[in-house]
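Take a look at the structure below.
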Amino acid sequence: ETGVTQTPRHLVMGMTNKKSLKCEQHLGHNAMYWYKQSAKKPLELMFVYNFKEQTENNSVPSRFSPECPNSSHLFLHLHTLQPEDSALYLCASSQGQGRNEQFFGPGTRLTVL
Amino acid sequence: LAKTTQPISMDSYEGQEVNITCSHNNIATNDYITWYQQFPSQGPRFIIQGYKTKVTNEVASLFIPADRKSSTLSLPRVSLSDTAVYYCLVGDTGRRALTFGSGTRLQVQP
């Protein structure tokens, strides 16, 4: 247990569906992250939030829409995804950004049919 | 952000010491070196972080030469459970998040 939880752990969706991934951290951190990891590939940083404000968006397609209502919760809203979006989506949190240790959740395994 | 280069994969046997070297030729003065471990279908886990010379914790040691252009993660007496991908990251306390590269896939055999 890292103090970061993600739900659901597995998700199968069609290309026309709308779904949301949820991340919650119980560590009192102020920064939260979304990563994507496709099979046999490095982690790709998608979004970074610091004190609820988005500080990084690494050219992520608009079909991925993040939401950070407070420092403890982070959502990733998904709509009209493509099969190539199938991947492990990881959430992380840290106290501050940069080199500060990131604590990762278990991930959501997403399959887009 | 400093770019890092690591071997793609390494093999070892149980009980051996494993050293994974990371090159970061353009490391900046304020940058720290951080290593993470990732098991399949799990998020990465922080292992160790250092700025210069040697850092040791209960899991690993990190050796950083004086020029800081490389670093070596040392895992003493590895076991099968150390089979994982190991990432070297370089960065400071700035607002930019660190970037995970391709990492080194370590396979430990009996």
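The values are calculated or read from the model by the stated rules, or taken from the named source; none is laboratory data. Everything numeric in this text was worked out from a predicted model, so none of it was measured. Backbone-built Cβ (ideal geometry, glycine too); neighbour counts: all protein chains shown. The area values use the complete protein model at the heavy-atom level, side chains included, leaving out ligands, DNA and RNA. Shrake-Rupley method; radii C 1.70, N 1.55, O 1.52, S 1.80 Å.
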**Study point:** Pair list, Cβ < 6 Å and 6+ apart or interchain, from the stretch A:37-48 residues that are modelled with pLDDT of 90 or more to residues that are part of a strand (DSSP E or B) and open to solvent by 20 Å² or more (accessible area, probe 1.4 Å)
**Key:** A:Glu44/A:Lys36; A:Met46/A:Lys36; A:Phe47/A:Asn57; A:Phe47/A:Pro66; A:Val48/A:Thr55
Check your understanding: Being open to solvent by 70 Å² or more (accessible area, probe 1.4 Å), within 29 Å of A:Asn50 (Cβ to Cβ) and away from chain A (no Cβ under 14 Å), is that true of even one residue in the stretch B:10-22?
Key -> no
Check your understanding: What are the residues in the stretch A:8-58 that are part of a strand (DSSP E or B), within 11 Å of chain B (Cβ to nearest Cβ) and loosely packed, with under 13 Cβ neighbours inside 10 Å, if any?
Key -> A:His10, A:Glu53
Practice item. Identify all residues within the stretch A:82-98 that are within 20 Å of A:His26 (Cα to Cα) and open to solvent by 40 Å² or more (accessible area, probe 1.4 Å); write none if there are none. Key: A:Gln95
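Out of the residues in the stretch B:79-110 that are among the hydroxyl-bearing types (Ser, Thr, Tyr) and within 11 Å of another protein chain (Cβ to nearest Cβ), state the one that is surrounded by the fewest Cβ atoms within 10 Å (Cβ to Cβ).
Step one: list which residues in the stretch B:79-110 are among the hydroxyl-bearing types (Ser, Thr, Tyr), which gives B:79, B:81, B:83, B:86-87, B:93, B:99, B:102, B:104.
Narrowing further to those that are within 11 Å of another protein chain (Cβ to nearest Cβ): B:87, B:93, B:99, B:102.
Values: B:Tyr87: 26, B:Thr93: 12, B:Thr99: 18, B:Ser102: 16.
Looking at the filtered set, the residue picked out is B:Thr93.
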Exercise for review: Hey, could you check the stretch A:86-105 for residues that are over 13 Å from A:Tyr33 (Cα atoms) and modelled with pLDDT of 95 or more and say which is farthest from the other protein chains (Cβ to nearest Cβ)?
Suggested key: A:Ser86
Review point. B:Ala66: free of Cβ contacts under 8 Å to residues at least 40 places away in the same chain and away from chain A (no Cβ under 14 Å), yes or no?
Key: yes
Practice item. Give the number of residues within the stretch B:69-78 that are among the charged types (D, E, K, R) and within 14 Å of another protein chain (Cβ to nearest Cβ). Key: 0
